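The next block holds one structure in the form of structure tokens; read it before the comments.
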Amino acid sequence: IKNNKAKKAVSFFAAITDLLLFAVKIYIAISTNSIGIYVDSLNSLADTFVCLFAFIGFIISAIEPNEKYPFGYGKAEELINLLLSTVILMTGFVFVYTSLQRLMYPVPVWYSTKYAATIGGTALVKLIMGIIFNRINKKHKSDIIKNLSIDSILDFFMSFCIVISFTLTSKFGYAIDSVMGLVAAAIVIVSGLKSFSSSCKVAIG
């Protein structure tokens, strides 16, 4: 029971944090017109739903066995993990479309040191989240928590790279921002594919 409480607590906390990160990033994306930051903001929104699904999965898996389900609801966690992987994968393909569209039809990007620093701060938040997820997973083994840890670390690198590309865009042109959007999308898709493959193997047994 303690294990499940810890998993529920960390997934709910992560959902709230990701929602706040989304709000910050989408504001900056609109203010700067950066597709890279826009993609990063949508990734945070997707992460919010991922963590909420994880929270729901932990609640369902903790339900006691009954006549209809004598072996309990433990498989719910595995099914939720498969759903999360699918959401991540679909999000990546949406990012590809959005970035390609901006690459073909470039628009000005307004650089701001203040906004670049803020995105850098959000990257550090994701790194801390990744570390927290990793520690929770070591104590309370869970494929969902493990995937959330990996995803958070990838998000850290993605946001860090977007800060660099956002800065370079002001000096070398708008195309860099779109290319970074594609790189971010590729990271999300690769992460989604690995997670989906792993989830399928666990679900099949």
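The values are calculated or read from the model by the stated rules, or taken from the named source; none is laboratory data. Everything numeric here is computed off the predicted structure, so don't read it as measured data. When we count neighbours, we look across all protein chains shown, and the Cβ atoms used for this are built from the backbone with ideal geometry, even at glycine. Just so you know, the surface numbers come from the protein's heavy atoms only, side chains and all, with ligands and any DNA or RNA stripped out. Shrake-Rupley method; radii C 1.70, N 1.55, O 1.52, S 1.80 Å.
When residues in region 1-49 are screened for being open to solvent by 50 Å² or more (accessible area, probe 1.4 Å), among the aromatic types (Phe, Trp, Tyr) and farther than 16 Å from residue 116 by Cβ, 3 of them pass.
Condition test on residue 29, is it part of a helix (DSSP H, G or I), closer than 16 Å to residue 122 by Cβ, touching a Phe, Trp or Tyr at 6+ places or on another chain (Cβ under 9 Å) and modelled with pLDDT of 85 or more? For residue 29, the condition - part of a helix (DSSP H, G or I), closer than 16 Å to residue 122 by Cβ, touching a Phe, Trp or Tyr at 6+ places or on another chain (Cβ under 9 Å) and modelled with pLDDT of 85 or more - is met.
What number of residues in region 117-144 are at pLDDT below 90, open to solvent by less than 80 Å² (accessible area, probe 1.4 Å) and either assigned to a helix (DSSP H, G or I) or of a type in the set (Val, Ile, Thr) (or both)? The total comes to 4. Among residues of region 20-47 that are in contact (Cβ under 8 Å) with a residue 12 or more places away in the chain and β-branched (Val, Ile, Thr), those with a Cβ under 9 angstrom from a residue that is surrounded by fewer than 20 Cβ atoms within 10 Å (Cβ to Cβ) and assigned to a loop (DSSP other than H, G, I, E, B), sequence gap 6+ or separate chain, pair up as 28/112; 32/110; 32/111; 32/112; 35/107; 35/174.
Could you say which residue among 39, 24, 50 is part of a helix (DSSP H, G or I), modelled with pLDDT of 85 or more and closer than 22 Å to residue 123 by Cβ?
Details: 39 fails: modelled with pLDDT of 85 or more; 50 fails: modelled with pLDDT of 85 or more.
Within the list 39, 24, 50, the selection yields 24.
Could you count how many residues in region 73-116 are in contact (Cβ under 8 Å) with a residue 40 or more places away in the chain, among the small types (Gly, Ala, Ser) and in a helix (DSSP H, G or I)? So the answer is 4.
Part of a helix (DSSP H, G or I), free of Cβ contacts under 8 Å to residues at least 60 places away in the same chain and not hydrophobic (A, V, I, L, M, F, W, C), is that true of residue 11?
Details: part of a helix (DSSP H, G or I): yes; free of Cβ contacts under 8 Å to residues at least 60 places away in the same chain: no; not hydrophobic (A, V, I, L, M, F, W, C): yes.
In short, no.
Residue under question is residue 150, and the condition is that it be of a type outside the set (S, T, N, Q), under 18 Å from residue 40 (Cα atoms) and open to solvent by 50 Å² or more (accessible area, probe 1.4 Å); does it hold? Yes. Could you tell me whether residue 112 is within 15 Å of the chain's Cα centre (by Cα) and of a type in the set (Gly, Ala, Ser)? It is false that residue 112 is within 15 Å of the chain's Cα centre (by Cα) and of a type in the set (Gly, Ala, Ser).
Return yes or no: is residue 156 crowded, with 23+ Cβ neighbours inside 10 Å, in contact with a Leu (Cβ under 7 Å, 6 or more places away or on another chain) and not small (Gly, Ala, Ser)? Let's see the steps before the verdict.
On the way: crowded, with 23+ Cβ neighbours inside 10 Å: no; in contact with a Leu (Cβ under 7 Å, 6 or more places away or on another chain): yes; not small (Gly, Ala, Ser): yes.
Considered against the rule, which asks whether it is crowded, with 23+ Cβ neighbours inside 10 Å, in contact with a Leu (Cβ under 7 Å, 6 or more places away or on another chain) and not small (Gly, Ala, Ser), residue 156 comes out as no.
Flag: residue 152 does not match the condition of being part of a helix (DSSP H, G or I), hydroxyl-bearing (Ser, Thr, Tyr) and at pLDDT below 80.
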